[in-house]
Amino acid sequence: MKALPDHYSELAPFAEEFRSGAPALLYHRLGRPALFTRHRGLTLPPRAFAEQLAELRAAGFRSARSTDEFGAPQSVWITFDDGDATSLAALEPLRAHEFRAVQFLVAAKLGGENDWDASRARLMNEAQAREWLAAGHIIGSHTLTHARLPTLTPEAAREEIAGSKRRLEDRFGVAVELFAYPWGEWNPRLADEVAAAGYRAAFTTQPGVNDAATPPFALRRRTVWRPLRRPRELWRALIS
């Protein structure tokens, strides 16, 4: 079997894998990426995002509607980590192609900035998170501060996991049932803490698809990455 790309940008290379279980896609930011920044591939133009959704819809995929559908055939989870404010640009394509998405919020950073990488991007504030919910989408927890959970004491990790759930539920008045491990860093002890906090499932960044045998607190996702441009395309972007 031909090796799959490290990241997702189109369905074709993953079509066979996606038929074997329920895929989950991981997005971060939407917009025009800065040309010479690290991890620029994590910023996807809204037009490319819409094209990806259209391709999935044409292939017969639909959004999983509940945590009972992690292994349902032809279901897909559309997820965003961090709560980047630019991800509001996803609302119209999601509506147009009839997909539902999960936004994993960093509970103590609402309205602040991404201070865990060089982007320093603006994060959703409370009003923007409510706009996301009002459009029929879901919020989940990405901890309180985007901490590296395996490096923390058990007590500190517990507060990042359980405290973020309490804070989001108190603020927005909705059940927060889904969790995403920052940087995808997890271990069985952390999975136990997530379960004990009352979540129903948690996402990693391990590649692959999910089926009935996938542990619910170690769900797999494919990270979406904008393909690097050829030199001629890069030059056109610079002068456009």
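Scanning the stretch 72-121 for residues that are modelled with pLDDT of 95 or more and basic (K, R), we see that the one that is nearest to A50 (Cα to Cα) is R95.
Let's see how each residue does on (1) under 22 Å from W186 (Cα atoms); (2) aromatic (F, W, Y):
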| residue | (1), (2) |
| --- | --- |
| F80 | yes, yes |
| A90 | no, no |
| L94 | no, no |
| F99 | no, yes |
| M124 | no, no |
| H137 | no, no |
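Under the condition of being modelled with pLDDT of 95 or more and farther than 21 Å from L88 by Cβ, the residues counted in the stretch 24-48 number 0. Of the set (1) in a loop (DSSP other than H, G, I, E, B); (2) over 20 Å from P23 (Cβ atoms); (3) among the small types (G, A, S), all apply to A72 but (2). If only one of A72, A127, A101, A118 is surrounded by fewer than 19 Cβ atoms within 10 Å (Cβ to Cβ) and closer than 19 Å to Y27 by Cα, which one is it? That would be A118, the only listed residue that is surrounded by fewer than 19 Cβ atoms within 10 Å (Cβ to Cβ) and closer than 19 Å to Y27 by Cα.
With the structure loaded, tell me whether T145 is β-branched (V, I, T) and free of Cβ contacts under 8 Å to residues at least 12 places away in the same chain or whether it fails that test. No; evaluated as a whole, the condition is false for this residue. Scanning the stretch 166-180 for residues that are touching a Phe, Trp or Tyr at 6+ places or on another chain (Cβ under 7 Å) and either more than 23 Å from G21 (Cα to Cα) or of a type in the set (S, T, Y) (or both) turns up nothing.
Just the residues that are more than 21 Å from A135 (Cβ to Cβ) and without any contact (Cβ under 8 Å) to a residue 24 or more places away in the chain, please, taken from the stretch 81-114. Selection gives G112, E113. What is the residue count in the stretch 102-132 for residues that are part of a helix (DSSP H, G or I), farther than 13 Å from T145 by Cβ and more than 16 Å from the chain's Cα centre (by Cα)? Residues meeting the conditions: 5.
The values are calculated or read from the model by the stated rules, or taken from the named source; none is laboratory data. Not measured: the values here are computed from a predicted model. All Cβ positions, even for glycine, are placed from backbone atoms using ideal geometry, and neighbour counts span all protein chains on display.
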